[in-house]
Amino acid sequence: MTADTARLDLDKLFAARLLAVRARPYLSTALFALHIVESPRAPTMAVDRYWRCYVSPTFVDYTPVEELASVLVHEVSHLLRDHHGRSDRFARRHNLFGPAERLRMNIAADAEINDDAFGDGLVQPEGAVMPATLGLSDGELMEDYLHQFRLGRLTQDMAWLDCGSGADGLDREWELGPDGADGLSEQEREGVRFRVAQGIIGSPGNTPEGWRRWAEEAMHPPQPWRDLLGAAIRAAASASGAGADYTYGRPARRSAGVPGVVLPSLRRTPPRVTVVIDTSGSVSDAELGSALLETAAVTRAVGGRRDLVTVLSCDAAARIADPLCRAEGIPLMGGGGTDLRTGFAKALRAQPRPDVVVVLTDGQTPWPSTRPPCRTVVGLFRRERTRREDDPNFVPDGPPDWARVVEIG
């Protein structure tokens, strides 16, 4: 039987999967979640982001079962560690496009996986990329490796490497894509990751350090609160009606259909943002400093136009008390109790009225009883549980449902 007509030896492949499960029981959920797709166009074995594993029949024929087990663990590791998503984000941040850069990402992702993938029941496949192959240290992440090497003499024998879009985010012609059969939904993919991470944390045993680190982050992901705050502001500012007005300076194109009538066009202007900072006694100096940093981040989120950002310091008193600090050219005043309703009232009385109100507070304050006529984003400083919260009849203060809330800290 020739290479073109060879059929996939599923018995051999499934035997390799059982060997992989015995060697790495904490990955069993992920290994059994892979859907095998026979693909003569796949160079060896590759995965897409939908948890399909494309397998070359010829590759299975000439590869020993022990090596196939190692390759299966390698491919599923790409998916668990979200290498496709991380590659996409890295490419956008650094303006990297084209197959050569994606090959470099595949190599870096392999180095992250392979530094502790083999041994203890798994053999090292022929041609496996190790950090030492690139002259680099073990134990680093894909992003770290990408900053430390370029394609060249050390990588000239790796052009064949292709672990699929599940490793570098670049779709292949031979992949089935999002509408193909037997792919996992986003919820199913996250469910697999959660169960694997839960198993690693529950029974760490001899799990390598890289997998323990991954599991901790998967179960308790760090919250990118500054990114969330910026995204919430941009979403509010781009909402229907925000920062938009009609102008006759550029007549609408549809005026041509109404002879003798000039129709205005809709012009989107940069949004106006009012930042209300809680300066009551319950907010610490460190949190006030953080509020100033967030205010600078808010300014960047709306294009760096400081003239479009107004900052109000607010406590319970209508009059301004002792100055607390000054940074970024912003004076913060206050020190008493908290009633942010006065801050909302002052913000909404301004002319022109803001498109977005951003409130930075610990949440221990009365809130307006009705939704303001503009979008509201609340940056909430974290608070430890108090003894009073152990009272079953205690209802904690918190932002109203109409506000978009982002936890800061």
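Quick notes on this one:
- Value of Rg/Rh across region 1-71 [Cα atoms, Kirkwood radius]: 0.96
- Residue 187/residue 285 FRET efficiency (R0 45 Å; Cβ-Cβ; nearest 0.05): 0.55
- Residues residue 402 and residue 350, FRET efficiency given R0 of 22 Å [Cβ-Cβ distance, rounded to 0.05]: 0.65
- For region 102-202, the Kirkwood radius over C-alpha pairs fed into Stokes-Einstein at 10 °C and 1.306 mPa s yields D = 102 µm² per second.
- Loop sites in region 33-86: chymotrypsin sites (Phe, Trp or Tyr not before Pro), DSSP, at most 12 other Cβ within 10 Å: none
- Between residue 124 and residue 173, the C-beta separation translates, for a Förster distance of 25 Å, into a calculated FRET efficiency of about 0.25.
We did not get these values from a lab; they are worked out from the coordinates using the rules stated. Remember, it's a predicted structure, so these values are computed and weren't measured experimentally. Here the Cβ is made from the backbone with ideal geometry for all residues, glycine too, and neighbour counts use every protein chain on show.
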